[in-house]
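Visitor: Quick one: the structure is below, questions incoming.
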Amino acid sequence: MGKDLLKYSPIAPREWQSVLAAYEASAPYNYAVIDDFLQPDVCKQLHQELLTHPGWRYQDNTGQPVVSNMGPSIETIFTIAESLKAQCPSLFSEYELIEHWALMYPKNASGKVHSDIGSLTLNLWLTPEEYNLDSSGGGLIFFDVKRESEPPPGKSLSYLWSEEYMKDHTAGQKVSVSYKCNRALLFAASTFHQTDDFRFANTKPESHRINLSLAFDNPTVYHERSRSLKEAFTNNSNGNESPN
């Protein structure tokens with residue numbers, strides 16, 4: 001990120017009290033929609049920085065072809081995290097940016113039902129509107145189910161990626177948020193969610209749907225939870241994945 005953009009916050013000015021109110025009022029999902037999240041020039045530059053980053057890796061273990069970039073070392077991302085802590089301390093003061101990843105979808109499909117490992121997730125959509133062929137969807141679906149705060153001893157944490165677990169615990173409620181470029185979703189990472197069906201042009205990398213996810217948590221709690229998850233997947237010969 002250029003030094004000229006670091007002179008001010010990459011996050012556009014807003015009233016964070018309304019974000020907190022929306023987050024609390026949306027229970028049992030606990031999410032807030034933040035439109036025009038980044039300064040416009042920052043959003044465009046971050047999109048380009050991700051597109052040209054060398055860390056993209058093809059994978060197909062989420063039920064669809066997807067290209068992932070786990071933990072890209074892009075200064076803009078770390079500046080966003082610091083700005084969140086400074087602007088909204090009531091949510092972020094006890095948390096650190098623990099992990100971040102970007103996903104690019106070269107084909108139109110939908111995601112897998114899952115729950116994240118951290119305490120808070122910020123999901124940001126970066127592909128320009130001109131490439132979105134269906135503005136009525138393509139975002140994220142939240143379900144009325146949260147992962148267990150303390151799973152019973154011996155229970156595999158693979159249930160975090162279990163559609164069956166979600167169906168067994170839901171009261172039948174869900175809510176969808178449609179895709180919009182530079183729209184961020186701040187939500188409780190424990191809430192089960194799924195990338196909605198989407199339809200993008202897919203004529204070139206710039207036209208693929210890209211989302212960036214930032215995970216926030218207490219470092220000790222997060223790493224212990226991650227360790228348990230990796231052990232569970234190793235014992236069951238399954239692979240870890242981040243299917244936002």
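Visitor: What's the local net charge at Y222, with K and R +1, D and E -1, over the other residues with C-beta under 9 Å away? Before the final figure, lay out each step's value.
Guide: On the way: positive: R225; negative: E96, E99, D217, E224.
Result for the local shell: -3.
Visitor: Below 14 angstrom from the Cβ of D196, what's the summed charge of the other residues (Lys, Arg +1; Asp, Glu -1)? The partial results should precede the final answer.
Guide: Values: positive: K112, K174, K180, R183, R199, R209; negative: D134, D197.
Here the charged neighbours net out to +4.
Visitor: Moving to a separate point now. Using a cut-off of 9 Å between beta-carbons, work out the net charge of the residues near I141 (Lys and Arg +1, Asp and Glu -1, I141 not included). Each step should come with its number before you reach the end.
Guide: Details: positive: K174; negative: D196.
Residues near I141 contribute 0 overall.
Visitor: Right, next: Specify whether the C-alpha gyration tensor of region 5-235 places it in the rounded, prolate or oblate class, a ≥ b ≥ c being the square roots of the eigenvalues: rounded for a/c under 1.5, otherwise prolate if a/b is larger than b/c and oblate if not. Intermediate values should be presented prior to the final figure.
Guide: Details: a/c = 1.38, a/b = 1.18, b/c = 1.17.
Rounded, since a/c falls under 1.5.
Visitor: Shifting gears a bit: Does a label point 7 Å from the Cα of K146, set along Cα-to-beta-carbon, have any residues of region 182-204 with amide nitrogen under 12 Å, and which are they?
Guide: What the label zone holds, given the 12 Å backbone N cut-off, is 188-192.
Visitor: Same structure, new question: Which peptide among 35-41, 160-166 comes first, and what is the full order, when sorted by highest mean count of other Cβ atoms within 10 Å? Intermediate values should be presented prior to the final figure.
Guide: On the way: 35-41: 16.0, 160-166: 17.9.
The most tightly packed comes first, giving 160-166, 35-41.
Visitor: Separate question: Give me the aspartates and glutamates in straight-line cross-link reach of K180: C-alpha distance below 18 Å, same-chain residues under 8 apart excluded.
Guide: D35, D36, D41, E129, E130, D134, D196, D197, E206
None of the figures in this text is laboratory data; all of them are computed from the coordinates on show. Every value quoted in this text rests on a predicted model; they were computed, and no experiment measured them. Don't worry about glycine lacking a Cβ; one is built from the backbone with ideal geometry, like all the others, and counts go over all protein chains shown.
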